[in-house]
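A quick write-up on the structure given underneath.
Every number here is computed from the coordinates shown, using simple stated rules; none is lab data. Quick caveat, the model's predicted, so the values are computed rather than measured. As a convention, Cβ positions derive from the backbone with ideal geometry for all residues, glycine included, and neighbour counts pool all protein chains shown.
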Amino acid sequence: MNIVVLCKQVPDTETKIKLVADSSGIDVEGIKWVLNVYDEYAVEEALKIKEAGKAAKVTVLAVGPKRAEEALRTALAMGADDAIHVEDAGIYGADSTVVAKALLGALKGVEYGVILCGKQAVDDDMAATPQMLAEMLGIGQVTVVSKVEIDGTKVRAHRDIEGGAKEVVEGQMPMILSATKGLNEPRYASLPGIMKAKRKPLAKKTLADVGVAAGDAKTKIVGWTLPAARQAGKVFKGTADDLGQRIAEIAKLLRNEAKVF
Amino acid sequence: MSNVLVFAELRGTEPKKITLEMLSAAKKIAAATGGKVLAAAIGKGLAGMGAKLGPYGAAKVFLAEGVEKYSTEGYANILANLIKAEAPAVVLIGATALGKDLAPRLAVKTGGGLASDIIGFRMDGASFIAKRPVFAGKAFVEVAFTGAPAFATVRPNTMPADAPAGAAAEEAALAADLRAPKAAIVEVVAGASSKPDLTEADRIVSGGRGMKDRANFKILEELADVIGATVGASRAAVDAGYADQSQQVGQTGKVVNPTLYVACGISGAIQHLAGMRTSKVIVAINKDPEAPIFQVADYGLVADLFDAVPIFTQEVKKLLAS
């Protein structure tokens, strides 16, 4: 059994988002691009499954511009065996359906029992591509997974739902699982790992190779805005002696001014 | 004459609050498209659903009766059949654990487009334009649809439900597809908390690195009990083991939208602010006057949280009793 891990390169979560002058998109100047944090959990889980002797090979797959290769190299440095990069200069920010279709095409001829990926990318926050791909492939899905157990061809996964509750979901391979925080602690790439990653196979494909055509998008972004700055509020400073007074004042304001009680 | 379909998510046999919120939004959309509001519910014991949903705006309610538990594929099949038959222009689904799992699969099945976790919309003539946060709320995009129907998952607490008025909705049966799904729920493990999930909570009390220890969250629990809040945490607190992963608020946790957010011992890292900045009223308690959290707080208190929170709890208790 082989595992495919879907990877996306995204801006680091510490990034301050700015828009370009005509507000047609984000200003990418100075952005630090990293492997999506939820995808790190997916890569780690795939490596753990392989190390437990339950998978033979871990392939990482990304759709993105040239720079997305760095995210794939990060995953290879963590220990993945090979990579597939569907490269297109204009693909960043594409509609989820288009990305799912590109992944579908890239998976043609690839043998896998499990597809792992992050539950969402922390840039567009759509949390949609894994489910879309599952439907296109006609296979079972478990999203927001915090525990995976593999027993032969059976997959058992814990899915985090509201209020800390979990659904335990079972199915037969092939399955697609989207990882959330808590699944594991991703390893850091070691220096030898980074050196080795440079020589690992990385296959390139174009959008045409994977069967994506103009007009496949089902949505279009028509406007970008930044949130209005919150008005600076009232800050109550003082000493330990007047703490009670300050708190009583805030409590009254919450009732009379903010009207939350 | 394009209709709007609302997937009526239930808790047991009662519509969730998000369902009522979506029905109110659907009325506004239908007014622009010249269509009607349809609703679909899946579950067991659905009798009387027309009377529960009609007053909030549903004209007709489709009921798939006898479905014991959720499965992505099962629900997607049932709804895809309805969508193919009724051809709604817009389909609204709650941005809940269930809705977020279901909607993308359903969109592909029916050839529609999807905008996840929307917080607003506008009508451009009869065209539905959704507004949604990206980068956990550091920016917003407006999304137009080139595929039909337009699917949107709607974030709870963003579109207020109108007061109920009017008659019960007409009811119609919807065939329940009972084929075994490829992935099936075999067990549900209940969470430790009976409080609403952070994403649906109207009030949240959160603790950060300043809490210093897991046991200290007790003082936040006490405040939360008094004001009916759910307890959250910053990434720093979760990573330090003071709180559970399910409690994390922020870009790599949950994005929340309560009426009141009380941040205790949280400095206000950019990735935390992204997850809570749309809270209507923010209270911050931190001993560092330079903490960035004070830049977004409506009411800031510079004090040691271990002194301040118990007093705050008592003050609010007094106020609520008066």
**Inter-probe distance in nm under a simple model that places probes 7 Å from Cα toward Cβ, at residue A:188 and residue A:239** = 4.7 nm
**Complete:** Here D for region A:2-205, in µm²/s, from Stokes-Einstein with a Kirkwood Rh over Cα pairs at 10 °C and 1.306 mPa s, works out to 93 µm²/s
**Prompt:** By its C-alpha gyration tensor, with a ≥ b ≥ c as the square roots of the eigenvalues, how is region B:203-321 shaped: rounded for a/c under 1.5, else prolate for a/b larger than b/c, else oblate?
**Reply:** rounded
**Item:** Residue-wise HN-Hα coupling along region B:155-169, computed from phi with Karplus coefficients 6.51, -1.76, 1.60 (Hz; x: Gly, Pro)
**Value:** 5, x, 6, 9, 10, x, 7, 6, 5, x, 7, x, 8, 5, 8
**Request:** Report the label-to-label distance for residue A:156 and residue B:85 in nanometres (one decimal), using points 7 Å from each Cα along the Cα→Cβ vector.
**Result:** 3.8 nm
**Request:** Determine one quarter of the surface area of the Cα convex hull of the protein assembly as shown, which equals its mean projected area, and express it in nm² to one decimal.
**Result:** 26.7 nm²
**Message:** What are the ³J(HN,Hα) couplings of region B:290-304, residue after residue, when phi is run through the Karplus curve with 6.51, -1.76, 1.60 and θ = phi - 60°? Round to Hz, x for glycine and proline.
**Reply:** 8, 4, x, 4, 5, 6, 10, 6, 6, 10, x, 10, 8, 6, 6
**Item:** Modelled FRET efficiency - R0 30 Å, residue B:47 with residue B:295, Cβ distances, 0.05 increments
**Value:** 0.05
**Greater than 19 Å apart at Cα, pairs in B:28/B:84; A:8/A:32; A:66/A:204; A:252/B:280; A:147/B:212; B:60/B:109** = B:28/B:84; A:147/B:212; B:60/B:109
**Fill in**
Among trypsin sites (Lys or Arg not before Pro) in region A:19-60, those in a DSSP loop whose Cβ has at most 14 other Cβ atoms within 10 Å are A:32
**Taking only Cα atoms of region B:4-173, radius of gyration then Dmax in Å** = 14.6, 43
**Asked** Along the three principal axes, how long is chain B when you take its alpha carbons, biggest first, rounded to the nearest angstrom?
**Response** 61, 43, 43
**Prompt:** Taking the mean number of other Cβ atoms within 10 Å as a proxy for protection, how do you rank A:101-108, A:183-190, A:64-71 from highest to lowest?
**Reply:** A:101-108, A:64-71, A:183-190
**Fill in**
With a Förster distance of 25 angstrom and the Cβ-Cβ distance between residue B:214 and residue B:321, calculated FRET efficiency to the nearest 0.05 equals 0.25
**Cα-projected label distance for residue B:173 with residue B:122, points at 7 Å along beta-carbon direction, nm** = 4.6 nm
**Asked** What GluC sites (Glu not before Pro) in region A:1-46 are in a loop by DSSP, with at most 15 other Cβ atoms within 10 Å of the Cβ?
**Response** A:14, A:29
**Item:** Residue list for region B:243-267, given a label point 7 angstrom along the Cα-to-Cβ vector of residue A:229 and an amide N cut-off under 18 Å
**Value:** none
**Complete:** Note to self, chain B gives a 222 nm [θ] from helices alone (DSSP H runs n ≥ 4, -39500 (n - 2.57) apiece, / all residues, nearest 500) of -8500 deg cm²/dmol
**Asked** Looking at the square roots a ≥ b ≥ c of the eigenvalues of the Cα gyration tensor of region B:137-176, which shape do they give, rounded for a/c under 1.5, prolate if a/b is larger than b/c, or oblate?
**Response** oblate
**Request:** Determine the percent antiparallel among the DSSP beta bridges restricted to region B:4-173, to the nearest 5.
**Result:** 30 percent
**Prompt:** Which GluC sites (Glu not before Pro) from region B:36-130 combine a DSSP loop assignment with at most 13 other Cβ atoms within 10 Å?
**Reply:** B:68
